[in-house]
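Worksheet: one structure, shown below.
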Amino acid sequence: MIAPIPADTKHPVKKNPAENLSTNLPQHVAIIMDGNGRWAKSQHLPRIEGHRAGVESIRDTLRACNELGIPYLTLYAFSNENWQRPKDEVSFLMRLLSEYLDQELKELNKNNIRFQVIGRKDMLPAEIQKKIERNVKETVGNKKLVLTLALSYSGRLELVDAVRKIAQKIKDGSLELKDITESTIEENLYTVGLPDPDFLIRTSGEMRISNFLLWQMSYTEIYVTDVLWPDFRKQHFIDAIEAYQKRERRFGRTNLPQ
Ligand code: FPP
């Protein structure tokens, strides 16, 4: 008989942290990726290097979501207000995005990730719009995770665009005023088809939602970490998920019997 191998107490096998995380997972995680500029400053680098380093954090977060089995991830990558940043920074971000769209397509397909974009896409350079269309089309059948990038995105403009679409339907007679409900709004948002986010993570310690998913975040649990986005790694994501799992979600109700 083979003697059992004694447990190595000095070097215990590290348990896969994902093992304990399989219950009560958020279905949809949204992230405000903040702190790239401060990270670059702390490293005595130009601001743009913070954005470049932030791409690796996106990859790590996607891996974490895929391993945990979280089916929806939405990342705030470029707000409508970000167009007002210095011209050089905007050009760099567009170049980085363009490279990212090329580099990631293979990885998205390899990992069964569907890609989509929300925001005023028509504001983006034509070359980027084409690459977005290509990536959306070529990942449409992927089932494990939906990655949504918010680009040229503003929560208020999303509502403006929804109101315009609804008003047009009233005008052309395909919708009646009395039939407008919450579902009507939802069906006319950029996020149609996505569940509302269960969990919002914001990096770099800022306590704001910055015009992100204003309608959709009515009951989203919010988590703020001081970690700057370029330092954000899988373990930080897991820490956040563990904090989510301790939350009691009441959606405006109490937990007392009626
Ligand atoms: C906020 O940090 C971050 C952004 C405005 C851009 C986010 C972009 C990335 C994470 C990388 C590029 C993304 C893709 C998809 C290629 P900040 O610049 O406001 O930081 P600060 O508040 O410290 O100045």
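No value in this document is a laboratory result; all are computed from the given coordinates. Everything numeric in this text was worked out from a predicted model, so none of it was measured. Positions of Cβ are backbone-derived with ideal geometry, glycine not excepted, and every protein chain shown enters the neighbour counts.
Within the range 202-258, which trypsin sites (Lys or Arg not before Pro) sit in a loop by DSSP and count at most 11 neighbouring Cβ atoms inside 10 Å?
Arg208, Lys246, Arg250, Arg253
Measuring from a point 7 Å past the Cα of Asn112 along Cα-to-C-beta, which residues in the range 48-77 have an amide N at less than 14 Å?
Hits in the range 48-77 for Asn112 at 14 Å: 65-72.
Within the range 139-181, list the residues whose amide N lies under 11 Å from a label point set 7 Å along Cα→Cβ of Leu105.
Backbone N within reach: 139.
Going by amide H atoms built from the backbone, whose H comes under 5 Å of the H on His28, apart from near neighbours?
HN-HN under 5 Å from His28: Asp198, Phe199.
Per 10 Å bin, what percent of the C-alpha pairs of the range 30-72 does each bin hold, from zero upward?
It works out to 29, 41, 23, 7, in whole percents.
Taking the Cα centre of each part, how many Å lie between the range 187-216 and the range 95-162?
16 Å
Quick one: what are the phi-derived ³J(HN,Hα) couplings along the range 104-117, Karplus 6.51/-1.76/1.60 with θ = phi - 60°, whole Hz, x for glycine and proline?
So the J values, rounded to whole Hz, are 7, 3, 4, 4, 4, 5, 4, 9, 6, 9, 8, 10, 8, 10.
Figure the gain on full extension for Glu206 and Gln235 (residue separation times 0.36 nm, minus the Cα-Cα span) and round it to one decimal in nm.
8.4 nm
What full-extension length gain, to one decimal in nm, is calculated for Asn255 and Arg156 as 0.36 nm per residue of separation minus the Cα-Cα distance?
Extra length available between Asn255 and Arg156 comes to 32.4 nm.
Among Lys178, Lys171, which comes first, second and so on when ranked by fewest other beta-carbon atoms within 10 Å?
Exposure proxy ranking, most exposed first: Lys178, Lys171.
Take every Cα-Cα distance within the chain, group them into 5 Å bins from 0 onward, and report for each bin the whole-number percent of pairs it holds.
1, 5, 11, 15, 17, 16, 13, 8, 6, 4, 2, 1, 1, 0, 0, 0, 0
Met94 to Gln168: FRET efficiency via 1/(1 + (r/R0)^6), r the Cβ-Cβ distance, R0 25 Å, to the nearest 0.05?
With R0 = 25 Å, the Cβ-Cβ based efficiency is 0.20.
Going by C-beta contacts inside 10 Å, put Asp198, Asp161 in order with the fewest on the left.
Listing Asp198, Asp161 from fewest to most nearby Cβ atoms yields Asp161, Asp198.
For a test of the definition: using alpha carbon positions, the gyration tensor, and the 1.5 limit on a/c, classify the range 30-130 as rounded, prolate or oblate.
oblate
What residue among Ala53, Ala243, Ala64 shows peak mean-square fluctuation when the chain is described by a Gaussian network model with Cα springs under 10 Å?
Most flexible of the set in this elastic network: Ala243.
Could you work out the Rg to Rh ratio of the range 105-253, with Rh taken as the Kirkwood radius (inverse of the mean 1/r over all Cα pairs)?
1.00
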